[in-house]
1. Condition check: open to solvent by less than 10 Å² (accessible area, probe 1.4 Å), more than 29 Å from Pro515 (Cβ to Cβ), hydrophobic (A, V, I, L, M, F, W, C) and in contact (Cβ under 8 Å) with a residue 24 or more places away in the chain. Does Ala555 satisfy that?
2. Looking only at the range 104-159, filter to residues that are aromatic (Phe, Trp, Tyr) and within 51 Å of the chain's Cα centre (by Cα); which one of those is least open to solvent (accessible area, probe 1.4 Å)?
3. Tell me the residue from Gly304, Gly276, Gly292, Gly325 that is surrounded by fewer than 16 Cβ atoms within 10 Å (Cβ to Cβ) and either farther than 26 Å from Ile406 by Cβ or in contact with a helix residue (DSSP H, G or I) (Cβ under 7 Å, 6 or more places away or on another chain) (or both), please.
4. Filter the range 335-392 down to the residues that are modelled with pLDDT of 90 or more and in a helix (DSSP H, G or I) and list them by number.
5. Suppose we filter Phe525, Phe486, Phe578, Phe570 for residues that are aromatic (Phe, Trp, Tyr) and in contact with a Phe, Trp or Tyr (Cβ under 7 Å, 6 or more places away or on another chain); which single one remains?
6. List pairs: first residue in the range 48-61 and part of a strand (DSSP E or B), second residue open to solvent by 40 Å² or more (accessible area, probe 1.4 Å) and not hydrophobic (A, V, I, L, M, F, W, C) anywhere in the structure, Cβ distance under 6 angstrom, at least six positions apart or on different chains.
7. Within the range 472-508, track down each residue that is in a loop (DSSP other than H, G, I, E, B), surrounded by 13 or more Cβ atoms within 10 Å (Cβ to Cβ) and modelled with pLDDT of 85 or more.
Amino acid sequence: RRDDGAVRWLSSHGRITRDDQGRPMRWAGMDWDVTERREAEEQLRLWAEVFRTTSEAVAIADESVRIVEVNAAFERLTGYSREQALGRGLDLLDSAYHDEAFYAALREQVRRHDHWQGEIWHRRRDGTLHPDWMVINTVRNDAGNISHYIVVFSDISNLKESERRIERLARFDELTGLPNRAEFMARLERALAARGEQEKQIAALFMLNLDGFARINQSFGHEAGDRLLRSVSERLRRAHPALACAGRLSGDGFAAFAAPLDDSDGITEMANALLGALHEPFFIGGQPVHVGASLGISLAPTDGETARQLQQAADSALTDMKKSGRGSYRYHTADISNRVRESLALEEDLRVALREDQLRLHFQPQVSLQSGEVNGLEALVRWQHPERGLLQPAAFIPLAERAGLIGAVGAWVLRAAAQEMVSGVLAAWPKLRVAVNLSGVEVESAELATQVASILEQTGCPGERLELELTETLLMRDPERTARTFARLKRQGVQIAIDDFGTGYSSLSYLQRFPLDRLKIDRAFVADIPGRAQGEAIARTIVALAHGLGLRVTAEGVEAESQLNRLREFGCDEAQGFLFSAAVPAEALDAVLSEISSAWQTLAG
């Protein structure tokens, strides 16, 4: 230890001088400070330990590129023992994977920069190839001459496999193994380019959607749905030999193309083959399940020269196919594209309408056939479009259903009707009930009763004034849940009516099962009155059945006095239709109700 407290290592050499009795008299010698040497030795020992234990393979070669030392990882990774490697050239591990140009470039890089790193394939002693990441560094002596080469490499097989998997996931659908949207479109683009200058050659794109796939997931679970999709993909792969590629573009959306083709003669046959591939039942848990499909077809160059143009055209044809009926195919036409563009524009307008309060309520009176008084009103939504004027429900309700906006429209109608009864024109007629039609989305929602309760509470509208109408078909989609929802609504005082009775399931059991208040005779049966015995018999039977169960009956679509008289004879409770009034805005109701009262006196007289 030095005066300043630092500890140094010394190498001490000397001799002891003794007296005649052998006792030490003095010590004479020299000390050398060897601290730096000790530290260098320790560092060398540590580097030797690193060399021995590192997981990366290390080989040291002399200036003639002959191996002079390797570590244990080298032996393990290459299969060559230390004894087998010493004295051999570094080309011991060369594989036939790379050509001579690759190795020449590697040597030139090392010569010019004393360094090289990159991916390289090596051959093990057993002959197998494996990818490595390798780094080569040149070691030079004090004179600047090469003394050694240090080569370090590690096996990147797992990394390469991960890269391949990531690349595959980026290009292929993991569930079905089919090309995904990006890969499919890239292949289609290459196929279109391959047509070259052969102007007479064409290409066909088929866009396919499964029909009713959501029902499979709901009924059997998503795992069963996944198995079904894999089976669908296998069938589509084998559907027709002329189809060059099939792909999965979305959840239940698939596509295929054929190119190049000399003519269009076989395209319809291919379309039928794709649809036919799904005709035979699939089996889920031993149970046969039928899944249909709809198909849209576009052709190049008629419908477009690029993959994107063909996709848009085929999508338009597919959308048009699903609107008019499913289970078949449709070729793209310019008229279809125009209709689809118009539909998309109207959909966006409807979103704006919901934000900017462009919807309106009109009301059609429901008149008592005994007293002539107006007992209720049916609220019917209209859209005051800024450019197209007042639109009837048929112009936008189907669109709202396809666009997923029907729930928002239904909620607006419920709230607007409740507010009208409390603070609008209808507040002057506190005994009038208002009927609101429910969509399938609302009936299937577990939150319907909660939503209605919230609207009634926020607006202050009495539940007794609100009547909810739904069709028989909607009633039976999920009877258990619907019955529970209706029970909650009835506790709020809300009335329940079945619209278009006789056109759906017409099952008598649900009339006892659900807490109903009213049946509405469909206008198709009313149109047969008078004159057609069958229509009259159905209307008379509905009235008798409803009264037997304690329900009231409203006839829709009454347009003639003769219809009114026969319905009164049958004992029908109420009627609505053009005979009394069309649906009108709330501000016109006062005049309409007065007109109905005057007209009734004439009819009764």
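The values are calculated or read from the model by the stated rules, or taken from the named source; none is laboratory data. For clarity, every value in this text was computed on a predicted model and none was experimentally measured. Heads up, the Cβs are rebuilt from the backbone with ideal geometry, glycines too, and the neighbour counts pull from every protein chain shown. Remember, those area values only see protein heavy atoms, side chains included, never the ligands or the DNA or RNA. Shrake-Rupley method; radii C 1.70, N 1.55, O 1.52, S 1.80 Å.
1. no
2. Out of the qualifying residues, it is Phe153.
3. It is Gly276.
4. Correct list: Glu348, Asp349, Leu350, Arg351, Val352, Ala353, Leu354, Arg355, Glu356.
5. Phe486
6. Ile60/Glu69; Ile60/His148
7. Gln492, Val494, listed by residue number.
Residue-by-condition table, conditions (1) without any contact (Cβ under 8 Å) to a residue 24 or more places away in the chain; (2) open to solvent by less than 70 Å² (accessible area, probe 1.4 Å); (3) in a loop (DSSP other than H, G, I, E, B); (4) closer than 27 Å to Val289 by Cβ:
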site	(1), (2), (3), (4)
Leu205	no, yes, no, no
Ser219	yes, no, no, yes
Ala224	no, yes, no, yes
Leu236	no, yes, no, yes
Ala242	no, yes, yes, no
Gly251	no, yes, yes, yes
